[in-house]
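The structure appears right after this line, and notes come after that.
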Amino acid sequence: MFEFLFLVFTFPLLGFLTLAIGRQRISENAAAYIGVGSVGLSALLTAIIGWQFYHQPAGFSYTQELWTWMSVGDFSPRFALRLDQLSMLMMCVICGVGFFIHLFASWYMRGDEAYPRFFAYMNLFVTAMLFLVLGDNLLFLYFGWEGVGLASYLLIGFWYQDAANGAAARKSFIITRVGDTFMAIGLFIIFHGLGTLNIQDAMSLAPQKWAEGGTMVTAAALLLLGGAVGKSAQLPLQTWLPDAMAGPTPVSALIHAATMVTAGVYLIARTHVLFELSPFALDTVGWIGGITLLLAGFTALTQTDIKKILAYSTMSQIGYMFLALGAGAYQPAVFHLMTHAFFKALLFLSAGSVILACHHEQDIFKMGGLRKKIPFTFWVFLIGSLGLVAFPLTSGFFSKDKILFEAWAYGHHAFYWMGLGGAFLTGLYTFRLIFIAFFGESRATHDAHAHDDHGHGGEITQPKGGDHTLPLAVLAVAALFGGWIHIPLDAVLPQPAISEAAEHVEYSMMAASVGVSFLGIFLAWFFFLKNPALAAGIKQSAIGQLLFRWWRAAFGFDWLYDLLFVKPYLFIVRLIRRDVADQAIGLLPRLTLAFNSLFSNTQTGQLRWYAGMTAAGAVVVIAAVILI
Amino acid sequence: MAPISAWSANTWSLIVYTVAVIGIVGLMLGLSWILGGRDWGRAKDEQFESGVLGQGTARLRFSAKFYLVAMFFVIFDVEALFLYAWAVSVREAGWAGFIEASIFIFILAASLVYLWKIGALEWAPASRRPSSPSEPDSPAAKPDRPAR
Amino acid sequence: MNLGSAHLTALTPMLLVSATIVIVMLAIAFKRRHRGNATLAVFGLNLALLTSLGMLYIGHEAITVTPLFVVDGYALFYTALILVATLATATLSYAYLEGFKGEREEMYLLLCLSALGGVTLACAQHFASLFIGLELLSVPLYAMIAYPVKSRRPLEGGLKYLVLSAVASAFMLFGIALMYSQVGSLLFLDVGAYFAGSASPIAVVGGAMLLIGLAFKLSLVPFHMWTPDVYEGAPAPVANYLATASKVAVFAVLTRYFVEAGGYYQISLVKVLSWLAFLSIILGNVLAVRQNNVKRMLAYSSIAHFGYCMVALIAGGPLAVEAVGAYLLTYVVTSLGTFGVVTLTSSPMGERDADAIYDYRGLFWRRPYLASILTAMLLSLAGIPLTAGFIGKFYAITAGVDAHLWWLLGALVVGSAIGLYYYLRLMVSLFLRDPSNRQFNAPLDWAQRTGGIMTLLAMLLMLAIGIYPQPFIHLLQLASLTLPG
């Protein structure tokens, strides 16, 4: 069965091609069948392969060589797929969660005029993402990496008629491009130092060729981290993710929550050998994760747009994964990646359901009391939130708890405390969202009709239909019980031994983390449901004002970058517009044009001139041959 | 590679030769231009003493058919020359030679048939030719036949 | 010399093309039918193509058939490439001539004749067969270029090509004579052995004059003058043939000449050739920049492309022949698609080809597939990765780097940068808004037409070469030449 591995990404690829070629000629239903069906087939195949895979002995891996791209001299990049525990897990997440998101999207996007185009992009994304995780070669991986970037760009700017969406798409594309450039340089260093880009070879060669803590390996690891940080929206390249919410909600669920943004985590886990060789780089990973985790948590606390809250929460959860990677807890990081995919996809999809039910309203302060009106959506949203805040026995509980425990057990106490702080913040901002949006009085009734320019009825009713309810239900089940899934990763990722002493504190730690998240939930209830006036009062105070504005602007990173990069850049541009350097760069086009007009005159169209030139050329050639 | 002196001797001789040729030609033309007397007059352009006065231009326009038929003649004539070469060695060339010559003759004949059929051997222009029943859909006969 | 059955078998592709010529000629003589005659020609060419490909894959020893021809993997590969280009031209001509008022059938006859010349060149290992092949390739082309004889431009182009070709042929013939005077043999291998030793200046001059003749056919600067005028005048399918089959055949024999007849021993000649390549790359690209006529632009771009290809040839070394093959293969496939779209956009009108960039404005909104194909092809011409053009350029650069031809590589990079500009310029115009007066439209059912299918195939092949070049590289390795001794 493993020999059909390549079909997993072939189905979405075919779907993409069909939809891209057929375009508007394909009816909505056909597009839905093709778009969802192709991913469905992939998911089915993944399930079968996964079933077989777990019946193999531990440490089994399968490499499928597709083709050698070309062999010129000693340059022969090979396109091969590699199936091991890590890529198997990633494949399950991409195809499984991806399928349900596609199914939901077929409901969500109904009536959009560019319905086939949407699914074409989505299928393209799934293809590229599968390329990324299955690639045996860093070049292949980079190919997928760029592919998902492209798909993300296309989907964020899907409603391109609105200029703001186009700007958001460009922003995400350019900022991730910064990271990709780092990564490309990192790949060059790896190829230069190790002579191969094959992941397995490189990972086995690295310890032999590079000394621990050496400059080269640190540079390579840090540059790869640069790529990962860009893709996974971590500090300092995190600013694009909130803007990316301009895309349709299923896109946010698939790309900006469940799969693409976790590619950075995957990359670091894949190349963990390099990071272990460079303790500094590994520490940097953890600190970046920890700081992003807290900053994003604070920012989420002040946002009013339901999708932006979820976006910051995603950022913060990926911060957890980075923190875990930095602490050397690779397995919990990947485990959290999986559970996060479940509950965050669920949250985004149910947010999509809320948004459609409220007629494209995204401001939580204009919702309120939705619990009664859309009960099903409320319950699945609540389940997702419980997973997010690591409510005991939900999926998030297991993974987050493991991260915190192992961070402590490996002696990274600072990471532990940051993680604990993050857990508190998560509880606070998640339930702030729930209490404001789903409880209390409805704040939308008086202007629902006025604001409704989409031709829907003004009433908020529970969305129905199998393609809406089924994905939510399935993902809710996964978010609740996903933590019980045992995923063996020992063959791929190391699991350092845990000291006896540390094991004793495991339960007290569990209690602590549950405690702080409950504290967060309680405070959210106290401030935002019980005593909204009190919260408003704190907000009005001078220091509250300051903090609120600072946090709300996501710690002013956009402003800072504007100040640090954009403004000076524009300033320099203005300064050197007529400068020598510019003239030098403009020399090629100028020369080209000058030569063009000069030599255009030789094309007179007169036969005698041509014959004369031919003869003159011949004389010159003969003379040159004789005289040289 | 020849020794360098041989090369440069060759090169130099070539250069000297080129310069000398240009010089001599220039000298001859220049001397006659300087020394020669010049005189203009209407009668000066006419033939002197012997000869007949010119009648119109020498650039007569023959019918294009003339060139065509001339060319056919040259082509077939020259091709037929090869047969002489074969004829004198017909025994030595044997059956293989015979087959080859037959193919050659066949191709010549085929091209003659082709020329005949497309009307290349007809002297009169297509518009003045009585339309022959043998080639009813020759586009040349009906130049403005609508496109298919 | 006796011809055995092995020799005849080796010559099968050539014999098949010859037989096709006679049969098509007789068919035209007895019954003029556009479809029937075209089918006959295409059938014969296909048969020859399949045979040559089959022989290439089976692979066998090089067979020398009379002193004139050698049939080896190299000859078979280029035979196949030339026949592919000829077939594509035939298909395009069929679409193009549908609206032509006048006798349409002779085009196929001329095409087959010219293809026979190309095949001869691919197999030539003797200066006599080189010259015969070259003339057989060119003479029908004069007629093909001037095929719409009632229009001004084609006639002008045909005449220009005729006169200038004659000049070039004269040089070449003289060069061959000079070499013969020193070597005493016209066989490539003998000439090669001669040049390996010390060569007299007369032979070197002869080599240079031969090169002038070939450089003219390849339109290298400064023998490029005819190219834009002739491309512009020629009917689009003929321009396609001129850009692909004709040049490939000449380049094939040039490469064989270099490898077998000791071109590489003539140091000064190689040096001069590298200047010509340099000038071709720069001038070809520079002249294309402000060209508003697509066919002229493609003509200039072909000047530049053969400059790139020349880099691979000049590099020499073990990779040169493979690199030249790769470049020519990718260039042919890409050009077929590009000219295919130009032909299909022009065909039904007959008045004038769609060759102004303006005619392509908004093509995407009228004919999305045609525009997509053209876009892909232009990207390939520019050498963007994952297209065939990239593979060709990659090969040329690899060969150049191996031979340390830094300033030629510099020209190649600068030239590619300039090239990108004018390819993008055409590409952008494809996606602009519709102009108010649509003068040129491909027929609606273009996809059903053979030409459309051919263009589509060219694009698929182009993508296949770009994405998975290994089988094609394997093919190229079958078509290698080895230096004697």
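Just so it is clear, none of the values below were taken in a lab; they were calculated from the coordinates. Everything numeric in this text was worked out from a predicted model, so none of it was measured. As a convention, Cβ positions derive from the backbone with ideal geometry for all residues, glycine included, and neighbour counts pool all protein chains shown.
For the protein assembly as shown, treating each Cα as an identical point scatterer without solvent, what Debye log10 I(q)/I(0) comes out at q = 0.09 1/Å?
The calculated log intensity ratios at q = 0.09 Å⁻¹ are -1.15.
Per residue of chain A, what 222 nm ellipticity follows from adding -39500 (n - 2.57) for every DSSP H run with n ≥ 4, rounded to the nearest 500?
Numbers: 31 runs with 434 residues, N = 628.
After summing the helix terms and dividing by residue count, I get -22500 deg cm²/dmol.
Cα centroid distance between region A:183-234 and region C:355-422, in Å?
Region A:183-234 and region C:355-422 have Cα centres separated by 33 Å.
Show the residues, 5+ positions off or on another chain, whose built amide H is closer than 5 Å to the amide H of A:L66.
HN-HN under 5 Å from A:L66: A:F79, A:A80, A:L81.
With an 8 Å Cα cut-off and a minimum separation of 6 or more residues, compute the relative contact order for chain A in percent.
Relative contact order comes out at 12 percent.
Counting partner chain Cβ atoms within 10 Å of every residue's Cβ in C:277-290, what's the average?
Shielding by partners across C:277-290 averages 3.
Looking only at trypsin sites (Lys or Arg not before Pro) in DSSP loops with at most 13 other Cβ atoms within 10 Å, what is the longest site-free stretch of chain C?
On the way: sites that count: C:K31, C:K150, C:R352, C:R433, C:R438.
Segment C:151-351 is the longest.
Among A:F182, A:N198, A:A263, whose Cα sits farthest toward the positive end of the charge dipole of region A:159-276 (+1 at Cβ of Lys/Arg, -1 at Cβ of Asp/Glu, about the Cα centre)?
Projecting each Cα onto the dipole axis, the largest value belongs to A:F182.
Can you give me the pair-distance distribution of chain C, C-alpha pairs, 20 Å bins, whole percents?
For chain C, the binned pair fractions read 26, 60, 14, 0 percent.
Cα centroid distance between region C:195-269 and region A:24-56, in Å?
55 Å
How large is ³J(HN,Hα) for each residue in region A:128-144, as worked out from phi by the Karplus curve 6.51 cos²θ - 1.76 cosθ + 1.60 (θ = phi - 60°), to whole Hz, x for Gly and Pro?
Those phi angles translate into 5, 5, 5, 3, 4, 7, 8, x, 8, 10, 5, 5, 4, 4, 5, 4, x Hz.
Is there a simple number for the mean count of other chain Cβ atoms within 10 Å of the Cβ of residues in A:590-599, and what is it?
Average neighbour count from other chains, rounded to a whole number: 5.
With a ≥ b ≥ c the root eigenvalues of the C-alpha gyration tensor of region B:64-124, is it rounded (a/c under 1.5), prolate (a/b larger than b/c) or oblate?
Since a/c reaches 1.5 but b/c is at least a/b, the shape of region B:64-124 is classed as oblate.
How far, in degrees from 0 to 90, does helix A:28-53 lean away from the longest principal axis of the Cα atoms of chain A, to the nearest 10?
Approximately 80 degrees, to the nearest 10.
Could you go through region A:94-104 in sequence order and give the Karplus-derived ³J(HN,Hα) for each residue, using 6.51 cos²θ - 1.76 cosθ + 1.60 with θ = phi - 60°, rounded to whole Hz, and x for Gly and Pro?
Karplus-based 3J(HN,Hα) across region A:94-104 equals 5, 6, x, 4, x, 4, 5, 5, 4, 4, 5 Hz.
Scan around C:H126 for amide H atoms under 5 Å from its own, H built in the peptide plane at 1.01 Å from N, and keep only partners 5 or more places away or cross-chain.
Correct list: C:F188.
Using only Cα atoms and rounding to the nearest 10 degrees, what angle (0 to 90) does helix A:199-209 make with the longest principal axis of chain A?
In chain A, helix A:199-209 runs at an angle near 80 degrees to the longest axis.
From the phi angles alone, apply the Karplus equation (6.51, -1.76, 1.60; θ = phi - 60°) to region A:84-92 and give each ³J(HN,Hα) in whole Hz, x where the residue is Gly or Pro.
Rounded to whole hertz, the list is 9, 4, 5, 5, 4, 4, 4, 4, 4.
What are the DSSP H helices in chain C that stretch 30 Å or more along their long axis, judged by alpha-carbon atoms, and whose average Kyte-Doolittle hydropathy comes to at least -1.0?
C:34-58, C:73-97, C:152-183, C:267-288, C:294-315, C:320-346, C:406-431
Order these by the 10 Å Cβ neighbour count, fewest first: A:D562, C:D359, B:D77. Write out the running numbers ahead of the final one.
Numbers: A:D562 14, C:D359 22, B:D77 9.
In order of increasing Cβ crowding within 10 Å: B:D77, A:D562, C:D359.
Where does each of A:346-353, B:22-29, C:134-141 land if you order them by average Cβ count within 10 Å, highest first?
Averaged packing, sorted descending, gives the order A:346-353, C:134-141, B:22-29.
With a ≥ b ≥ c the root eigenvalues of the C-alpha gyration tensor of region C:288-341, is it rounded (a/c under 1.5), prolate (a/b larger than b/c) or oblate?
Numbers: a/c = 5.57, a/b = 1.84, b/c = 3.03.
Oblate, because a/c is 1.5 or more while a/b does not exceed b/c.
Would you kindly calculate the translational diffusion coefficient of region C:38-87, applying Stokes-Einstein with the Kirkwood radius from alpha carbon pairs, for 10 °C and a viscosity of 1.306 mPa s, and quote it in µm² s⁻¹ without decimals?
The Stokes-Einstein estimate is 140 µm²/s.
For a test of the definition: using alpha carbon positions, the gyration tensor, and the 1.5 limit on a/c, classify region A:468-563 as rounded, prolate or oblate.
On the way: a/c = 1.76, a/b = 1.67, b/c = 1.05.
Prolate.
Counting other Cβ atoms within 10 Å of each Cβ, which trypsin sites (Lys or Arg not before Pro) in region B:18-96 have at most 16 and sit in a DSSP loop? Mind dumping the intermediate values first?
Working: sites: B:R38, B:R42, B:K44, B:R59, B:R61, B:K65, B:R91; in loops: B:R38, B:R42, B:R59, B:R61.
Here the sparse-neighbourhood loop sites are B:R38, B:R42, B:R59, B:R61.
Over chain A, how many percent of alpha carbon pairs lie in each 20 Å bin up to the one with the longest distance?
Spelled out per bin, shortest first, that is 18, 50, 24, 7, 2, 0.
Starting from the alpha-carbon convex hull of region C:135-205, give the projected area averaged over all orientations, in nm².
Convex hull of Cα atoms, orientation-averaged projection: 5.4 nm².
Helix-derived [θ] at 222 nm for chain C: sum -39500 (n - 2.57) over DSSP H runs of at least 4, divide by residue count, nearest 500?
-24500 deg cm²/dmol
How high is the relative contact order of region C:5-478, in percent, counting Cα pairs under 8 Å that sit 6 or more residues apart? Let's see the in-between values first.
Values: 830 pairs, mean separation 71.8, N = 474.
Rounded, it is 15 percent for region C:5-478.
Can you give me the angle between helix A:466-481 and the longest principal axis of chain A, using Cα atoms only, in degrees from 0 to 90, rounded to the nearest 10?
Computed tilt is about 70 degrees.
Non-local amide H neighbours of C:V65 (under 5 Å, H modeled in plane, Pro and chain starts lacking H): which ones?
Under 5 Å from the amide H of C:V65: C:V70, C:V71.
What is the distance in Å between the Cα centres of region A:593-607 and region A:501-578?
A separation of 65 Å, based on Cα centres.
Name all residues of region C:155-183 having a backbone nitrogen under 17 Å from the label point set 7 Å from the Cα of C:I202 along its Cα→Cβ direction, giving them as ranges.
C:173-183
What ranking do A:R549, A:R170, C:R367 get, fewest neighbouring Cβ atoms within 10 angstrom at the top?
A:R549, A:R170, C:R367
Roughly how crowded by other chains is peptide C:220-226, in terms of the mean Cβ count from those chains within 10 Å of each of its Cβ atoms? Walk me through the intermediate numbers first.
Working: counts 1, 2, 8, 7, 6, 13, 5.
Mean shielding count: 6.
Order these by the 10 Å Cβ neighbour count, fewest first: A:W525, A:W609, A:W107.
With the sparsest Cβ surroundings first, the list reads A:W609, A:W525, A:W107.
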